Amino acid sequence: MGNQHKQLESKHAAARKRAREKKIRAKRAREEGLAEVLPNIVDALNDDLNPCIDLRLKIRDDGSYLTLIKREFEIEEQVLFHVGDEPIEALHGLDKKVERGVWKVSLPFKPDKTA
């Protein structure tokens, strides 16, 4: 009885290991696909020297899409954003801005007090 239990545990452990490996392979495939389409954003997300702390895609009131990426840089946070009519257009535009590397200092949000 004890030997059968050990064999069953071994089979379950092997199945869990195969499932984990399958998830890892799927994740790598997704990351590689994203890296082909948006290589500069992926590089920025994996930058250990200036780590990214935010990446957003937001639908604006007018139906356009806003993309934003924020990173830590020395003693400040820096930001880039782009607006497009379609999500992929907004992401591609942001990717090109990341490639150019013209980051701006991220200022704190101040709501309009006249409203």
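The values are calculated or read from the model by the stated rules, or taken from the named source; none is laboratory data. Predicted, not measured: the structure shown is a model, and the values here were computed from it. With ideal geometry, Cβ positions are generated from the backbone for all residues, glycine too; neighbour counts draw on all protein chains shown.
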Item checked: Yes/no for Ile53 being of a type in the set (Val, Ile, Thr) and in contact with a helix residue (DSSP H, G or I) (Cβ under 9 Å, 6 or more places away or on another chain) -> no
Note to self: With under 28 Å from Lys70 (Cβ atoms) and without any contact (Cβ under 8 Å) to a residue 40 or more places away in the chain as the only criterion, which of Glu21, Glu9, Glu31 stands out?
What the structure shows: Glu31
Check: Only one residue in Asp54, Asp48 is acidic (Asp, Glu) and surrounded by 10 or more Cβ atoms within 10 Å (Cβ to Cβ). Which one?
Finding: Asp54
Margin query: Considering only residues that are at pLDDT below 90 and among the acidic types (Asp, Glu), which ones fall in region 45-71?
Written below: Asp47, Asp48
Notebook entry, point to check: Can you name every residue in region 48-60 that is within 12 Å of the chain's Cα centre (by Cα) and not aliphatic (A, V, I, L, M)?
Noted result: Pro51, Cys52, Asp54, Arg56
Note to self: So for region 10-32 (the condition being within 11 Å of the chain's Cα centre (by Cα), surrounded by 10 or more Cβ atoms within 10 Å (Cβ to Cβ), of a type outside the set (S, T, N, Q) and in a helix (DSSP H, G or I)), does at least one residue qualify?
What the structure shows: yes
Checklist line | Test: Val105 is in contact with a helix residue (DSSP H, G or I) (Cβ under 6 Å, 6 or more places away or on another chain) and either farther than 19 Å from Leu34 by Cα or in contact (Cβ under 8 Å) with a residue 12 or more places away in the chain (or both) | finding: no
Margin query: Take the residues in region 61-111 that are more than 16 Å from the chain's Cα centre (by Cα) and among the aromatic types (Phe, Trp, Tyr); name whichever of them is surrounded by the fewest Cβ atoms within 10 Å (Cβ to Cβ).
Written below: Phe109
Check: Within the set of pairs 6+ apart or on separate chains, which have a first residue in region 45-66 that is without any contact (Cβ under 8 Å) to a residue 40 or more places away in the chain, a second that is of a type in the set (Asp, Glu) and surrounded by fewer than 14 Cβ atoms within 10 Å (Cβ to Cβ), and C-beta atoms under 7 Å apart?
Finding: Ser64/Asp85; Tyr65/Glu86
Notebook entry, point to check: Taking only pairs six or more apart or across chains, which ones have beta-carbon atoms under 6 Å, a first residue in region 70-99 that is part of a helix (DSSP H, G or I), and a second residue that is of a type in the set (Ser, Thr, Tyr)?
Noted result: Pro87/Tyr65; Ala90/Tyr65; Ala90/Thr67; Leu91/Thr67; Leu94/Thr67
